[in-house]
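Written out below as structure tokens is the structure these notes cover.
The values are calculated or read from the model by the stated rules, or taken from the named source; none is laboratory data. Remember, predicted model here, so these are calculated numbers, not experimental data. FYI the Cβ positions are ideal-geometry reconstructions off the backbone, even for glycines, and counts take in every protein chain you see.
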Amino acid sequence: MRAYPLFTPGHTAHTDLVRRISHHQGATATPNSLPGPDDITRTQLPNGIIVLARSNFNSPSVVVTGYLPVGSLFDSDEKLGLAGFVASALMRGTDRYDFQGLYDSLESVGASLGFNGGTHSTGFSGNALVEDLDLLLGILAESLRRPTFPENQVERLRTQLLTALAIRAQDTGEMASLAFDQIVYAGHPYGRPEDGYPETIQAINRSDLVEFQRVFYGPKGMTISVVGAIEPEAAVEKVAQALGDWENPRQPPNPDLPVLKQMAETTTQKVIIQGKFQADIVIGAAGPERCSPDYLAASLGNSVLGQFGMMGRIGEVVREQAGLAYYAYSSLAGGLGPGPWYISAGVDPANLAPSIEMISKEVARFVEQPVTHQELADSQANFIGRLPLSLESNGGVALALLNLERYDLGLDYYRRYPDLVRAITVNEILETASRYLDPQHLGIAVAGPPEIAA
Amino acid sequence: MGNSITKLELSNGLLVFLKEIHTAPLVSNWIWYRVGSRDELPGFTGISHWTEHMQFKGTSQFPPGVLDKAISRDGGYWNAFTFLDWTTYFETMPADKIDLGLHLEADRMTNSLYDPEGINSERTVIISERQGNENEPLFQLGEEVQAAAFRVHSYHHEIIGDLADLKTLQRDDLYQHYRTYYVPNNAVLAVAGDFQTEVISARIREFFEAIPSARMPGRRVRSEPAQTGERRVMVEGSGETTYIQAAYHAPAATHPDFFPYIVMDSLLTGPSNLNMFVRGISNKTSRLYRSLVEGELAVSVSGGVPATIDPYLHSIAITVHPQSTSEQVVSALDQEILRLHDTPPKSEEVARAVKQVRALFAYGSESITNQAFWMGYSEMFATYNWFTGYLEKLEKVTPHDVQRVAQTYLRPQNRVLGIYLPVSERGGSA
């Protein structure tokens, strides 16, 4: 935060940080009007695909984004990373296009499309000038339905994935997160990194990719959102043309998540990476699901703890008062399962112990004493006030529509949202926080240079 | 999108750009100062960026912490960036709250506290920020490449500054830097969004016009002499991955060669994104992706040429394939560049680069914050006309222009070649 622009290679991490902290994705809404049942079109195609659409004629562009309910939950331990490998390989060749032909079609018109494998789902996102929407949807459909996984492309991609894992092994932030997940989600699918390990990526064959796509990819549970300079009915019609005749009778339902076992005690794990200058810390526990009745109270509490203003109470103590870290904030994942609720910070290895102590103290205070009425009122005002900003761009609106569907919030959710936020009390936050962030049962993960072992 | 804007100059020299956009109930307010790391002398590197941090540490009217909360409470967000040539601050707020943004920027143009205790706590914050950067191999490499490329010009050091200076800079150094450069006649205010121009103009005058102008020191320019032979730098560090950064001395943003250069950059590594808050597009059909990544010599390649006042660097960053060597990659890179020297690109390739930029402009125009950014940003190294004429200038670029620019700039004698070599030391769990 407060750093450099993104014009020079290697400096984009700063903007990433801004994004993580602020949660303000870009945005356009109709003036003074949040999306609601009267201006969101929601249609279910006969094959099960849900289409959400909303118009914005302020720019001649369009965003297409969505997901399929297929992710690393389907991966075996031996071939962990398979779902992500498949997602990355979809655009490497299809019945109609080879790799270069596919990207040539997109890039020639300044359009983009990408797939991303997650734990529960595989997401996709693309944008184009509206005159090229047919092309974008056509390539989306080709990639999902008729990928060919050419042998040479699979091997090239494997090398790229392995290189990404080698880079991950050198990234203190990523390695701290990985260690954190292993502690907090021991024995649970969330304890596994969805991009796998070098040996599991090596174990995957081309035939695994082919089979995975044939079995798990299909229209059931797929959701797609189209936002931009097009009438909603026309958008739905175009999606139907591209994907309306897709069927896959083999498509299974998503596996249930096992119950997460609570940690017996606070557990610390350190990962030493030679040649590093800063240590990254992640401290926390499993949080509520997005659909849980606890979620909104937890989210407002999280804002007080490590988001509001300059990274909330955590930022105030660790950065502003002690000057120990450039970044120190808290985050609540939500999601379909018990995603993490954690505090992270990057510190000088010499300051590791006082930083952990300071953060732990703040967690203890957070679960023992209610936040003040003023703190709650501040975060409530922020949640309500920032909503229009999060809907500034087509991408922001498209994501907002997907969340309505994914978490079954109802099309009127953004209109009801201010009242829901205002209804949360300081006692609800305390009660919720104390159930999830028990100071005696936290995961503490650190990655950094050898000095952290001291 | 429309490009209709209002430009004002207040009596104290503050330039103001206003653009009404009524698509969402938001306003984005940016103030830009013509000061950046180029204005720093040895012993004072990083002072512009540190000053930027101190601008968030309070005034007597808005003590530390008050504004962070006030802006969050209103549902807005704010941030700042320091670059080679400039420093900028912005707030994007619900339209009815933008008064706060104007008020606080006018206030902190003159009234920031620079409290000694705040200076010391920020010293460790910035050192921590630098350590976080140093964890990244590409930062380590980029810092060495930049230093090797500029022996004379002050573009030679990283914006965040050298650790030696971050340890020794004092409160008075920072305060003097602030008082020297944070004056209305050295600033541009750019506001876009849901407002009435007449109303906001009056408010801007109320907040800013009483701030006195000041005599500015001339901007020091020590031109970099032409490089006469290739420079190579090696960085060794942890990990398993080799990286290459090839940096060519490039034209300034206002040089006529800049636009053909943009097209050439697009052909080589894909279109650069002019937007600050909008993602770009992929580069898988670019020439270097095809030769290096599809040729199994690299796993990724990217590039870009920033718009700067003085000639800066066109950088190509490459992640080397684990079964390849940096020599093989550099040889393939040179072959691809030679192809451009020998044969002009097809006119369809140039047209394609223009269409890509047109699409990126459309994506960028969705965001009010981004549109306000464009107005001030272009004024920092050229004028707003530079930006509004951007597409038109690109459309005039011919294949021969691109070839000529390649021949002029993409020569080994004009580049610094940086290589990050991993040294294997195993880590582990403790």
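Being in a loop (DSSP other than H, G, I, E, B) and among the charged types (D, E, K, R) is a description that applies to A:GLU194.
Kindly indicate whether any position in the stretch B:8-21 is within 10 Å of another protein chain (Cβ to nearest Cβ) and touching a helix residue (DSSP H, G or I) at 6+ places or on another chain (Cβ under 6 Å). Checked the stretch B:8-21: at least one residue is within 10 Å of another protein chain (Cβ to nearest Cβ) and touching a helix residue (DSSP H, G or I) at 6+ places or on another chain (Cβ under 6 Å). Filtering B:LEU274, B:LEU292, B:LEU340 for residues that are modelled with pLDDT under 95 and more than 9 Å from chain A (Cβ to nearest Cβ) leaves a single hit, B:LEU274. Hey, among the residues in the stretch A:304-315 that are part of a helix (DSSP H, G or I) and more than 7 Å from chain B (Cβ to nearest Cβ), which one's surrounded by the fewest Cβ atoms within 10 Å (Cβ to Cβ)? This residue is A:ARG313.
Residue selection: A:PRO340 satisfies the criterion of being more than 30 Å from A:PRO37 (Cβ to Cβ) and in contact with a Phe, Trp or Tyr (Cβ under 9 Å, 6 or more places away or on another chain). Could you go through the stretch B:152-161 and let me know if any residue there is at the interface with another protein chain (Cβ under 7 Å from one of its Cβ atoms), crowded, with 21+ Cβ neighbours inside 10 Å and either part of a helix (DSSP H, G or I) or among the small types (Gly, Ala, Ser) (or both). Looking for residues that are at the interface with another protein chain (Cβ under 7 Å from one of its Cβ atoms), crowded, with 21+ Cβ neighbours inside 10 Å and either part of a helix (DSSP H, G or I) or among the small types (Gly, Ala, Ser) (or both), one finds none in the stretch B:152-161, hence no. Report yes if some residue within the stretch A:343-355 is in contact with a His (Cβ under 7 Å, 6 or more places away or on another chain) and more than 30 Å from B:GLY280 (Cα to Cα); otherwise report no. No, because not a single residue in the stretch A:343-355 is in contact with a His (Cβ under 7 Å, 6 or more places away or on another chain) and more than 30 Å from B:GLY280 (Cα to Cα). Residues that are surrounded by fewer than 19 Cβ atoms within 10 Å (Cβ to Cβ) and touching a helix residue (DSSP H, G or I) at 6+ places or on another chain (Cβ under 8 Å) within the stretch A:432-454 comprise A:SER434, A:ASP438, A:PRO439, A:GLU451, listed in sequence order.
Residues that are more than 30 Å from B:GLY280 (Cα to Cα) and either in contact (Cβ under 8 Å) with a residue 40 or more places away in the chain or within 14 Å of another protein chain (Cβ to nearest Cβ) (or both) do not occur anywhere in the stretch A:382-397. Against the numbered list (1) of a type in the set (A, V, I, L, M, F, W, C); (2) more than 19 Å from B:ALA382 (Cβ to Cβ); (3) out of contact with any Ser or Thr (no Cβ under 8 Å at 6 or more places or on another chain), B:LEU274 comes up short only at (2). All conditions in (1) hydrophobic (A, V, I, L, M, F, W, C); (2) at the interface with chain A (Cβ under 10 Å from one of its Cβ atoms); (3) over 25 Å from B:PHE83 (Cα atoms) hold for B:LEU313, with the sole exception of (3).
One residue alone among A:SER344, A:SER331, A:SER292 is within 24 Å of A:ALA179 (Cα to Cα) and surrounded by fewer than 23 Cβ atoms within 10 Å (Cβ to Cβ), and that residue is A:SER331. Within the stretch A:131-155, the set of residues being over 19 Å from A:GLY218 (Cβ atoms), touching a residue at least 60 places away in the same chain (Cβ under 8 Å) and either in contact with a Lys or Arg (Cβ under 9 Å, 6 or more places away or on another chain) or of a type in the set (Val, Ile, Thr) (or both) comprises A:LEU133, A:ASP134, A:GLN153, A:VAL154. Going through (1) assigned by TED's automatic domain parsing to the domain that holds A:THR148; (2) within 30 Å of A:LEU80 (Cα to Cα); (3) charged (D, E, K, R) one by one, A:ASP280 falls short only on (1). Selection within the stretch A:418-429: residues that are in contact (Cβ under 8 Å) with a residue 40 or more places away in the chain and out of contact with any Gly (no Cβ under 8 Å at 6 or more places or on another chain). The member of this set that is surrounded by the fewest Cβ atoms within 10 Å (Cβ to Cβ) is A:ASN427. For the stretch A:430-452, a tally of residues being farther than 27 Å from A:LEU376 by Cα and of a type in the set (D, E, K, R) returns 1. Picking from residues in the stretch A:327-337 that are over 16 Å from A:TYR295 (Cα atoms) and in contact (Cβ under 8 Å) with a residue 60 or more places away in the chain, the one that is nearest to the other protein chains (Cβ to nearest Cβ) is A:TYR327.
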